[in-house]
Every structure is written in structure tokens, then in C-alpha cells.
Amino acid sequence: MTFELLKTFIDDQGWNFFGITDFSFLHFNLKKHKKIFELWTQRGFQADMNYLEQMEEDRFHPENKLPNIKSVLVLGAWYGGNSNSNSLVARYARGKDYHNVLKKKCVALSDWLKKQYPEAETYISIDSGPTADRVFAETAGLGFFGKNSCLIRPSHGSYFFIASVMTNLDLPLISTSASKMPICGDCQNCLKNCPTGALVSPGVVDANCCISYLTIENKQGIPIALRSKIGNHLFGCDACQEVCPFNQGRKDKQVITIDSLKSENGVGESLDLIEIFSLSTDEDFTKRFAGTPLMRAKRRGLLRNACVVAGNSGDVSLIPHLQSVIDREDDTMIKEHARWAIEQLENQA
């Protein structure tokens, strides 16, 4: 197998870019990031995402998953530079669930590698298993960590997914030295524009007040003190990426080439709060959002979020719909958020 054959297969799958790194380089970088991660969790910035600590050993020791690992193939796919910045849903979540879409491609790539080399072994990760995919990507020269903690591709921006294929094969290295990467310099845009102040220092996110955590991973109520700062963020948040200079004027370089990731094949560019309030059963919710990232929040979480967005909207016509939610739902958390929203709207009227 030549490098050109590998590149052709990857390009034909629709990936936008890729890199390859040797495990020895990766191992050194993982040791550095493990210390950063431990300091982060010691400060409680992981909120109630206890699974992050539970997976720590495997996250920073990929040899636990593939004992004879020699190389890591890291792939990138754009997800939304051309999308509407005023949508209620974060860019990454507007198409089909990228975990499913990209895993199928990685499995096909893995099968292809094994066909070329019958002795090949692989382990696949798409931002869901116990692997540090962003560290893999950094080591493979695909970008650098910005002050918003996102991985930034200097000439293109940060709106991309990362997938990794670890292997026991000695693949040709094409990584770019981290010393050649730019840095954020004196720019403070993301820190100054985070709606809730979740970026407590350069590269450090306190999940307890991060809108993405609060509207997706969080299974409890949203703290009252943070609700008005949620604004119109129904699911996720792109604020720290939208103000990043590396994403400015780069739309023509962030073209989505994997059809399933396009918004028209998923949730879409916009959502109607009234429609969300009308989802009275889990079956209704699944029928509407199956196969999309919004399934992560479940109906309960999305209703909670919709109440907060409604309360911040100033749209008093939503009050009857919020009252219907209160009358219909048994969940005390949802009722409380709906009552809060009505109170906000009545006070603004």
C-alpha cells in the first residue's frame, strides 16, 4: 500500500483532511495533557460528567485498547462554517449524528486497511470512546489548542469533527511540527464573549457554567442565575468559535463534503419552539429527532431548554404553550422551568 492509495481512499470517503502520527510522539504529548486534565478535574470543572474521570486511564493510555499500537490515523470533517449563526442549535448538531456517520466511514477504512494488510489491527474512536481525539489531532499536525479549548486548523478554522483509527501498522508519518503552528497571541475574543463566563482562563472551560454542558450533558435543572445568559441557545453553543479570528472569512474553506452532515439532512438550520412544546411523548421526540445529536438531551432536556429560550425570547405569544406544558407534564423540573419562563415573559410585557 502506498501513501497515494491511502490518500485516495480517504479522499473518496469525503474526509476534508487527515494526518498520521507515530505512537512515540503521541505518548509524549498525552503525558502532558494528562497533567492538564488532572488539574482540570481537581478544580471540579467537569461538573457531573464523572465518566470522564472513569475513562482517564484509557484516555491517556491508548495502548490499553490496542496493545501493539504503532500509528494513529486522524481524520477531519467540516460540519458547519456556512451555517446560520442565529440558529437555536449549535452548528455541529444540525446534520445527522456524526458519531454514527463517521464511524461507518472509519469501519470501512479499517476494513480496507485489513484487506491491504491481513495482519492489521485497529481501534476506532469518534469523540465518544476513552480516547483523547483532540490530542491525537494536535500530535498529527491538524491544528493547535486555542484559548477556547477547541482545536484550530490555522488556515481554515475550528468547525470540524475528529475521528481516529489506531493501528499496529507503521503508516507513513505526515504530521506537522507543533512548533510551526501559530498561537492565539494576545487575542481574548473567546474569553470576553462567552455568555456565561465559562472560559475561566485561556484554554480552561468550567463545564458547570458552559452552555453546551448545561443544554446537552446536564440532566438537572439549569441554575436560575444562568438562565438569562443562555439566550436563544436551545442545544449547544458556538459563541467562542464565532468570535474566533481563525473562523472569520473562512466559509469557503469549511465546505461540508459528507452529505449526512449537512443541515438539510438532519435537524436543519432552525427549530420552532412551539413544535418542541408539542412533543408530548418520548415517541414523538424520537420520531422527530432520531439519528440526530439532539437525541442526547432526550425529550426532558430539550423541553427544559426550550422553556429557558422561550423565557428569554420576549415573545408573549409563547405563554399559552408554556402553560400547556405545565398542565401536561408530571416532571417537576420541566414545570418549574416553564413557570420561570412565563414569569420572565410577563415581566417583560
task = Go through region 162-192 and give me each residue that's within 19 Å of the chain's Cα centre (by Cα) and within 21 Å of Val243 (Cβ to Cβ).
result = Cys190, Leu191
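For (1) aliphatic (A, V, I, L, M); (2) at pLDDT 95 or above; (3) within 30 Å of Asp186 (Cα to Cα); (4) under 21 Å from the mean Cα position of the chain (by Cα), each residue gets a yes or a no:
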{"position": "Ser263", "(1), (2), (3), (4)": "no, no, no, yes"}
{"position": "Asp282", "(1), (2), (3), (4)": "no, yes, no, no"}
{"position": "Ala290", "(1), (2), (3), (4)": "yes, yes, no, yes"}
{"position": "Pro293", "(1), (2), (3), (4)": "no, yes, no, yes"}
{"position": "Leu302", "(1), (2), (3), (4)": "yes, yes, no, yes"}
{"position": "Ser317", "(1), (2), (3), (4)": "no, yes, no, no"}
{"position": "Arg328", "(1), (2), (3), (4)": "no, yes, no, no"}
{"position": "Ala341", "(1), (2), (3), (4)": "yes, yes, no, no"}
{"position": "Ala349", "(1), (2), (3), (4)": "yes, no, no, no"}
Subset of region 179-209 [touching a residue at least 40 places away in the same chain (Cβ under 8 Å), hydrophobic (A, V, I, L, M, F, W, C) and under 23 Å from Ala297 (Cβ atoms)] = Cys194, Leu199, Val205, Ala207
note = Counting only residues in region 282-299 that are of a type in the set (Lys, Arg) and in contact with a helix residue (DSSP H, G or I) (Cβ under 7 Å, 6 or more places away or on another chain), the one most open to solvent (accessible area, probe 1.4 Å) is identified as Arg296
inquiry  = under 19 Å from Ile211 (Cβ atoms), surrounded by 16 or more Cβ atoms within 10 Å (Cβ to Cβ) and out of contact with any helix residue (DSSP H, G or I) (no Cβ under 7 Å at 6 or more places or on another chain): is that true of Ser313 in this structure?
reply    = yes
query = Taking region 95-130 as the region of interest, how many residues are among the hydroxyl-bearing types (Ser, Thr, Tyr), touching a helix residue (DSSP H, G or I) at 6+ places or on another chain (Cβ under 7 Å) and in contact (Cβ under 8 Å) with a residue 40 or more places away in the chain?
reply = 3
note = Per the filter on region 135-149, residues of a type outside the set (S, T, N, Q), part of a loop (DSSP other than H, G, I, E, B) and open to solvent by 20 Å² or more (accessible area, probe 1.4 Å) are Lys147
query = Out of (1) more than 22 Å from Ser313 (Cα to Cα); (2) touching a helix residue (DSSP H, G or I) at 6+ places or on another chain (Cβ under 8 Å); (3) of a type in the set (A, V, I, L, M, F, W, C), what's the single condition that is false for Ile256?
reply = (2)
remark   = Scanning region 150-169 residue by residue, the ones that are small (Gly, Ala, Ser) and either without any contact (Cβ under 8 Å) to a residue 60 or more places away in the chain or not in a loop (DSSP other than H, G, I, E, B) (or both) total 3
query = Residues of region 24-35 being out of contact with any Phe, Trp or Tyr (no Cβ under 9 Å at 6 or more places or on another chain) and either in contact (Cβ under 8 Å) with a residue 60 or more places away in the chain or at positive phi (or both), which ones?
reply = Phe25
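The values are calculated or read from the model by the stated rules, or taken from the named source; none is laboratory data. Computed from a prediction, not measured in an experiment: that's the story for all the values here. Every residue, glycine among them, receives a Cβ derived from its backbone with ideal geometry; neighbour counts consider all protein chains shown. Note: accessible area is taken over every heavy atom of the protein model, side chains too, but ligands, DNA and RNA are not part of it. Shrake-Rupley method; radii C 1.70, N 1.55, O 1.52, S 1.80 Å.
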